[in-house]
Amino acid sequence: VNIGEYISSGIVESYVLGLADETERKEFEEMCAAHPKVRAARDSFEISLEENAKFGQLQPRANVKSKIFSAIEMDLSTVQSQLSSGNNGGIPPVIRNESGSSSGGANERSSAAVVRMKTYKWQSLIAAAAVVLLVLSTALNFYFFNQYKRYYSEYQSLVTAQTELAAHNQVMETRLLEYEKAVDMMKDPGMAMVKMSATSNNPDPTSATMVFWDTASKDVYLAVSKLPKPATGEQYQLWALVDGKPVDAGVFDMKDGPGMMKMKNIPKAQAFAITLEKRGGSPTPTMEKLYVMGKV
Amino acid sequence: LGKPLGTIATYTEHELVTLLKSRDTRAFSYLYDNYSGSLYTVIAQIIDDIEVANDVLQEVFINIWRKIESYDPMKGRLFTWMLNIARNASIDTVRSKSYQNSQKNLAISDSNETGGAQAEQVNIDNIGFRKVLERLKKEQRVLIDLAYFKGYTHEEIAEIEDIPLGTVKTRIRNALMQLREYLK
């Protein structure tokens with residue numbers, strides 16, 4: 001190849017101005033590397049082109065430079081933040097090199113760590129909230145259970161008290177009825193009252209009982225004021241003395257209050273007496289244990 | 001125009017390239033101050049719309065900053081590399097659909113109102129490379145315009161001008177040889 005002809009073929013200008021095709025460019029680059037004359041011709045044309053461009057220039061808008069700089073400064077800050085985020089992640093450069101990852105890889109890893117940290121934060125927050133709720137719930141359960149226990153026992157004692165009151169009320173009612181009955185009997189002009197006093201057989205001389213005998217219906221009521229307490233297996237028995245003969249008027253137990261005990265109907269009697277007999281009574285009175293007696 | 005010495009740093013091309021590759025913003029600022037006019041002139045010779053030409057200049061300098069690593073001094077001077085980036089970006093813009101549509105709209109409004117958008121356009125025939133082109137014969141000038149400023153391949157030019165491909169190649173080569181003489 002004749003170098004002079006090659007240089008004069010227009011290839012130099014064609015190459016520099018970007019008009020040469022792929023094959024021409026490759027060939028020219030090889031020629032430049034091999035032949036200093038070709039390289040010199042290229043340099044010479046490039047310089048003249050550059051110098052020529054300096055004359056009669058147009059000027060761009062004044063704000064273009066600042067726009068370019070804000071764009072490249074964003075590029076720079078992105079690069080810097082990538083680098084610093086890698087460092088702030090606390091990953092020593094040695095380890096980063098060993099893992100063989102690019103700066104992008106380190107970045108992904110640190111952002112993954114951030115995600116993990118966030119997840120961990122959320123998980124621990126939820127766990128903490130759950131523990132607090134559990135403790136609160138347990139405490140409340142304990143508190144309410146104790147409250148319940150207290151209220152239940154209070155309720156139970158109230159129920160008991162109410163039952164007692166009701167029972168007591170019934171007792172009082174019964175007792176009141178008995179009093180009323182007794183008062184009615186005492187007010188009744190047809191009622192014969194027989195006061196029975198202690199005999200010499202009676203260990204307690206203050207013993208006293210009353211018999212109310214309805215002269216119309218012949219019903220007999222007994223009111224015990226005071227009698228010695230009978231032993232187990234013993235029971236008092238009321239007798240009516242009819243024409244000198246004792247007639248059974250029924251057995252009775254001692255009880256509190258003014259209770260009038262209805263005894264057997266006695267159509268006719270001159271006196272009444274009470275003996276202490278074996279439980280259930282006897283057909284005939286035991287005279288040694290005749291404790292009280294009174295004439296009609 | 002004398003530059004005040006000491007206040008503005010000057011670099012050799014080698015220094016400038018080394019600094020740019022190490023992301024030195026001061027060197028990039030120097031690059032812009034020294035080359036924006038030349039590159040904008042080339043862009044404005046291809047793109048009629050001043051707004052678009054300024055946008056393309058911005059895009060070109062951002063690309064220079066981002067692609068400086070790929071610049072190989074063995075293949076040519078820094079200015080040549082930047083000039084080709086500017087020329088390619090301009091031709092791509094002119095050929096884009098959005099630019100063609102906007103120019104159609106401009107053409108319609110121009111025909112309705114005299115002045116207007118035309119005032120935004122600058123007479124570029126008397127500056128830089130264009131001025132040199134003016135000295136060429138008309139048949140050569142048309143081909144250089146199609147090849148250099150419009151980016152058509154020799155085959156496309158042969159079709160557009162309806163002349164044989166060989167003739168296109170010969171005429172362009174002769175025109176380039178003459179350009180070299182004019183530039184000296």
Can you list the lysines whose alpha carbon sits under 24 Å from that of A:Lys226, skipping same-chain ones fewer than 8 residues off?
A:Lys181, A:Lys187, A:Lys195, A:Lys255, A:Lys262, A:Lys264, A:Lys278, A:Lys289, A:Lys295
In region B:170-184, accessible area falls by at least 10 Å² from chain alone to full assembly (1.4 Å probe) for B:Arg173, B:Leu176, B:Met177, B:Arg180, B:Leu183, B:Lys184
Sorted by chain and number, the residues with a modelled amide H under 5 Å from that of A:Ser225, at a separation of 5 or more or across chains, are A:Ala208, A:Thr209, A:Met210
Between B and A, accessible area buried - total, square angstrom, nearest 100, 1.4 angstrom probe
4000
What's the FRET efficiency of A:Leu176 with A:Thr215 using the Cβ-Cβ distance as r and R₀ = 25 Å, to the nearest 0.05?
0.40
For A:Met263, enumerate residues with amide H under 5 Å from its amide H, sequence gap 5+ or separate chain, H modeled in the peptide plane.
A:Val220, A:Tyr221, A:Leu222
At 1.4 Å probe radius, can you tell me the per residue accessible area of region A:125-231 in Å²?
72
Which one of A:Tyr151, A:Ser217, A:Ala129 has its Cα pushed farthest toward the positive end of the charge dipole of region A:120-221, where Lys and Arg give +1 and Asp and Glu give -1 at the Cβ?
A:Ala129
Any chance you could look up the accessible area of A:Ile47 with a 1.4 Å probe, heavy atoms only, rounded to 10 Å²?
70
Using a Förster distance of 45 Å, how high is the FRET efficiency between B:Glu13 and A:Lys121, based on the Cβ-Cβ distance and rounded to 0.05?
0.25
Mind listing which GluC sites (Glu not before Pro) in region B:134-163 are in a DSSP loop and have 13 or fewer other Cβ atoms within 10 Å?
B:Glu134
With a 1.4 Å probe and all protein chains left in place, how much accessible area per residue does region B:1-92 have, in Å²?
47
How far is it, in nm, from the label point at A:Thr163 to the one at A:Val183 when both lie 7 Å from their Cα along the line to the Cβ?
3.3
Taking a ≥ b ≥ c as the square roots of the eigenvalues of the Cα gyration tensor of region A:183-266, is the shape rounded (a/c under 1.5), prolate (a/b larger than b/c) or oblate?
prolate
Would you list A:Asp219, B:Asp48, A:Asp243 from the most to the least accessible area, probe 1.4 Å?
A:Asp243, B:Asp48, A:Asp219
Distant-in-sequence amide H partners of A:Ala192 (H built 1.01 Å from N, under 5 Å)
A:Trp213, A:Asp214, A:Thr215
With the Cα gyration tensor of region A:219-296 giving a ≥ b ≥ c as the square roots of its eigenvalues, does the rule (a/c under 1.5 for rounded; else a/b larger than b/c for prolate; else oblate) give rounded, prolate or oblate?
oblate
For A:Met74 and A:Asn141, what is the calculated FRET efficiency with R₀ set at 56 Å and r taken between the beta-carbons, to the nearest 0.05?
0.40
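The values are calculated or read from the model by the stated rules, or taken from the named source; none is laboratory data. Given the structure is predicted, the values throughout are model-derived calculations rather than measurements. Please note: Cβ atoms are built from the backbone with ideal geometry, for glycine as well, and neighbour counts cover all protein chains shown. What goes into the accessible areas is simple: the full protein's heavy atoms, side chains included, and nothing from ligands, DNA or RNA. Shrake-Rupley method; radii C 1.70, N 1.55, O 1.52, S 1.80 Å.
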